[in-house]
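Bear in mind that the values in this text are calculations on the coordinates, not laboratory data. As the structure is a computational prediction, the values presented were derived from the model and not from experiment. We place every Cβ from the backbone using ideal geometry, glycine too, and count neighbours over all the protein chains shown.
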Amino acid sequence: MALVAPDGRWLKVNRSLCGIVGYTRDELLATDFQSLTYPKDLDSDIEQMRQVLDGSLSHYDMEKRYIHKDGHIVWVMLSVSLVRDETGQPMYCVAQIQDISERKRVEGRLIESEQRYRTVTDLVPGFVFEGAVRRGYPHPIWVSEGFERVYGCTLERFIELGGKGFYDRATWAQILEGVSTVASGADVTLNVSLKNAEGAERWLRVVARAVPHEVGSDTTRVLGVAEDITERKRLEHALSEATHREHERLGQEIHDGLGQELTGLAYLASSLATEATRGGSPLARELTKLANVARHAIDTCRSIARGVSPLTESRGSLVQSLQQIVDIAAASGCARVNFESIENAPLALPSESCDQLHRITQEAVNNAVKHSAADCIDVSLQINPALVRIKVLDNGRGLPVSKGAHFGLGIDGMRQRAQTIGAQLWVETRRVGGASVVCECPQPASSEMPQISKK
């Protein structure tokens, strides 16, 4: 505390004030507050002092800076009130001075931290978010500026629209699964596809973590980063499409080019072997061997073509390629294998998606034939305007207690294939017995009239 004359001279100071500014009592009494005040704070202090003296203010409070005797800055909270004599003339001011330097340092660090955090969040190719999990559902609380660039609307508008409408059914199920994971205390990483408020498709790579919350609360707080990977996905898709077209070309050349030539060679060798046998030629046996080698080479050629592009023999038709899978499985004699195709809309999936659906179906049918001990396997393909659904059902032993064990590593492979084309895969034991494999792949919109056919 201190008593200060109207002109600013120190009249009386206590030991605490001396400690705050680093001067002795005598040194302070030989000067005024103006000499110790940081220049940028002086005008405000003097102006408020003037208003107290002329009666405009009864008192004033302000944060200001003093210059310590050793030269460093000291932040204080200053409270000033005026004492007048019996005639109303100013006698002196009573000043209460509290050292708030530590608080200011903490505030400074918080401001720096906030600025650093804001800078980092603005540089993220996406956005940073904070949310809560209540009763198994996500509730966004705060997002950085990048959110609007991705979703095309503010967070308030996103919440108003319901949030869920930005995602398809499979993605929403994936999000809820991720929410359950993070609510259990584990970190979660997932790729999310969405259509923003303007209808544009975007992709996010979301990494989220639960943070401590109040004891007894049923709400889980979540912090995370959503990286915009749309451009990367576009490049990956373009590369995949280019690779797939090359595979199709190679597969077709192997099947139609090399395969046809080998077929001609096999026919010629077979004809020569027949003629040699009729004529009793000693070369008959060797020519027969040559014909067999040629036929084996044809089978190898077809197998390679299917490996390069599985829809090669069906000329890109998913329906025909699935029919071939069923025919091959039925020919093994292990089970009765049925196929049904319901086409309510044209198939508009890209070639890569058709390839992956073919391989998923092939894996599911092979697993059912080899491991389920089923005597009946039903394969169905349903093509709707918005969705392509494939089902493989069997009446075998179903999934064992160790989930997916009788499928070996096939389930993981099928899930990876489904993920690459944005499809959802379910593998489970049926209530009536046996196993069920269902794959649903979103299809680009089509305005053509539905047609129904069965095979």
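Taking amide H as placed 1.01 Å from N in the peptide plane, residue 340 has its amide H under 5 Å from the amide H of 379, 380, 381, each at least 5 places away in sequence or on another chain.
For the range 103-185, GluC sites (Glu not before Pro) are listed when DSSP marks them as loop and at most 13 other Cβ atoms sit within 10 Å of their Cβ; the list is 145.
Hey, what angle do you get for helix 230-252 against the long axis of the chain, alpha-carbon based, 0 to 90 degrees rounded to 10? The helix 230-252 is inclined about 10 degrees to the chain.
With neighbours defined as other Cβ atoms within 10 Å of a residue's Cβ, the residues 172, 10, 426 order from fewest to most as 426, 172, 10. The lysine pair count for the chain, using Cα distances under 17 Å and pairs eight or more places apart or on different chains, is 7. The angle between the Cα long axis of helix 318-331 and the main principal axis of the chain comes to about 60°, on a 0 to 90 degree scale. Axis angle, to the nearest 10 degrees, between helix 259-278 and the longest C-alpha principal axis of the chain: 20 degrees. Among residues other than residue 195 with Cβ under 11 Å from its Cβ, the summed charge is -2 (Lys and Arg +1, Asp and Glu -1).
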